[in-house]
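The structure appears right after this line, and notes come after that.
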Amino acid sequence: MGARSKVMYVCSECGASASQWAGQCSQCGGWNTYTEEVSAPAAAASADKGLRFASFAGKQKVVTLSEIPPEDTRRYQSGIGEMDRVLGGGIVEGSVVLLGGDPGIGKSTLLLQSLSTVSRSKSVLYVSGEESARQIASRAERIGLDVSQLKMMAENRIEDILDTAAKMKPDVLVIDSVQTIYTDQLSSAPGSVSQVREGAALLVRYAKQTGTAVFLVGHVTKEGTLAGPRVLEHMVDTVLYFEGDSGSRFRLIRAIKNRFGPVNEIGVFAMQEDGLQQVTNPSAMFLGRQQNPAPGSVVLASQEGTRSLLVEVQALVDQTMLSNPKRLCVGLDASRLAMILAVLHRHAGLQIGDHDVFLNVVGGVRVQEPASDLAVALAIVSSFRDNPLPGNMAVFGELGLTGEIRPVQRGQERIREAIKLGFDCILVPDANKPKKSESSISIVPLKHVREIQDHMNS
């Protein structure tokens, strides 16, 4: 009698397995994340154990680090400057890049635009598991791309994909998407945790052994996280997230992880009829300069990776009719809003406990750094007191729980970006005040949150 397949329950968040279904994962604590999967019989698993669990880099001998000669990371351009920025300077040979985003946001379009340029000098294989070759060709024709040198195949089976890649030996391999591929080594359906993990492992191994740059396209869940096991993000070299509101034409690519460049680097694009167009000056795009500044509006000098970015932060503080005042954030962390409100109440005497507070970053940008604290505090005070701030003023700084305004990184770069865009009054933490300032601008150093009220009164 042959060996029986074994039923296991695998967590879709962390990949932990259990013999019985449970409402909560014992490893990551996620609720209702266990999915039923059928594992291969033990005999079959042992037969290809050498293939499935081989080292990503192949067989290697033990060496000391001093024996390894240093070499520069070999890169080549993607054809799109904003894409090269988030990649850390270009496509790295043998790297594995995971590009995640909502369905229809433009992931495939961006890769198609980039690969149409790369294919002129490099061998490229585009593998689609979701669309036919005819559909992709129609999209390329619609946005006016030259894809005469771009090789393409529609396939889901990972074994066939790797066989074709071994014969063709491409410089770049694209899998669109990783949730659609499957391997015969597992009996579970495509898109399951085991299939995604196994398929990604085989592709990572192929990239490291051949020097082929591999791009994996992945969809995200309604919670904004990548569909599939979180271990997938640990396996790849670079994780990029495609962000953008459905009602906005602007798209942002953010580097969440990058072994070959800075993290939190962003690339900015605008969706047009002829595809995605890169935005080289995003600060000017996100700023809505008004002739008559309104209360609750302030310009934040933020830093995204190596790029200084100016964005408009808006606050609306209004008397509530409810027993529990609303606290709503768009583009900012809600927990930091709660902390800033507590600091303003304790150290600045702002009595807004019975008011609704709404906060928004204009343009759909998500600001994640604490340097936005001072801008948020100023916007809240401005809206609460119905006192507009000067339109020529930019700010940055972090608030401490004791009310102090703490310094932030890359203060000089933020100041230079604000000056470049015509701002002549900049509020900064005292520790970020430049030793030598230009006479044409006014740099106001602040030490404590109490000085916000004094500055607005002046």
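The range 296-323 and the range 337-357 have Cα centres spaced 16 Å apart. For the range 149-197 versus the range 113-128, the inter-centroid distance based on Cα atoms is 17 Å. The shape of the range 284-457 can be summarised by an equivalent ellipsoid whose semi-axes, obtained from the alpha carbon gyration tensor, come to 25, 17, 15 Å from longest to shortest.
When peptides 296-306, 339-349 are sorted by average Cβ neighbour count within 10 Å, with the highest value leading, the order is 296-306, 339-349. Across the range 312-321, computed HN-Hα scalar couplings (Karplus, 6.51 cos²θ - 1.76 cosθ + 1.60, θ = phi - 60°) run 9, 9, 10, 10, 10, 10, 9, 4, 8, 9 Hz from first to last residue, x flagging Gly and Pro. A straight Cα-to-Cα reach below 19 Å connects residue 433 with the aspartates and glutamates 373, 398, 404, 413, 417, 424, 451, 454, residues fewer than 8 places away in its own chain not being considered.
Extension gain, residue 440 to residue 392: 0.36 nm times the residue separation minus the Cα-Cα distance gives 16.0 nm. Label positions at residue 401 and residue 163, each projected 7 Å from the Cα along the C-beta direction, are separated by 6.1 nm. The stretch between residue 454 and residue 419, if pulled fully straight at 0.36 nm per residue, gains 10.2 nm over its current Cα-Cα span. Any of 167/208; 107/167; 61/167; 257/447 with alpha carbons more than 23 Å apart? Name them for me. Exceeds cut-off: 107/167; 61/167; 257/447. What you get for the range 74-280, charging only the Cβ of Lys and Arg (+1) and of Asp and Glu (-1), is a dipole of about 440 debye around the Cα centre. Spin-label model, residue 366 to residue 61: label points 7 Å out along the Cα-to-beta-carbon direction sit 4.8 nm apart. Per-residue ellipticity at 222 nm computed for the chain from its helices equals -7500 deg cm²/dmol, with DSSP H segments shorter than 4 residues left out and the rest contributing -39,500 (n - 2.57).
The Cα atoms of the range 125-230 give a gyration tensor whose axes a ≥ b ≥ c have a/c of 1.5 or more with a/b no greater than b/c, which makes the shape oblate. If one computes P(r) from the Cα atoms of the chain, what percent of pairs lie at distances over 31 Å? Value for the chain: 52 percent of Cα pairs lie more than 31 Å apart. A Förster radius of 35 Å, combined with the Cβ-Cβ distance separating residue 447 from residue 324, puts the computed FRET efficiency at roughly 0.55. Angle, helix 193-210 long axis vs. longest principal axis of the chain, Cα atoms, 0 to 90°, nearest 10? The angle comes out at about 80 degrees. Sorted on the mean count of surrounding Cβ atoms within 10 Å across their residues, most packed first, peptides 326-333, 307-314, 392-399 read 392-399, 307-314, 326-333. What the phi angles of the range 90-102 give under the Karplus curve with 6.51, -1.76 and 1.60, with θ = phi - 60°, is a coupling list of x, 7, 8, 4, x, 8, 10, 10, 9, 10, x, x, 5 Hz, glycine and proline written as x. Remark: the range 103-115, residue by residue, has Karplus-estimated 3J(HN,Hα) of x, x, 7, x, 4, 5, 5, 4, 5, 5, 4, 5, 5 Hz, where x stands for each Gly or Pro and the curve is 6.51 cos²θ - 1.76 cosθ + 1.60 at θ = phi - 60°.
Coordinate-derived values only; no laboratory data. Since the structure is predicted, the reported quantities are computational estimates derived from the model, not experimental observations. When we count neighbours, we look across all protein chains shown, and the Cβ atoms used for this are built from the backbone with ideal geometry, even at glycine.
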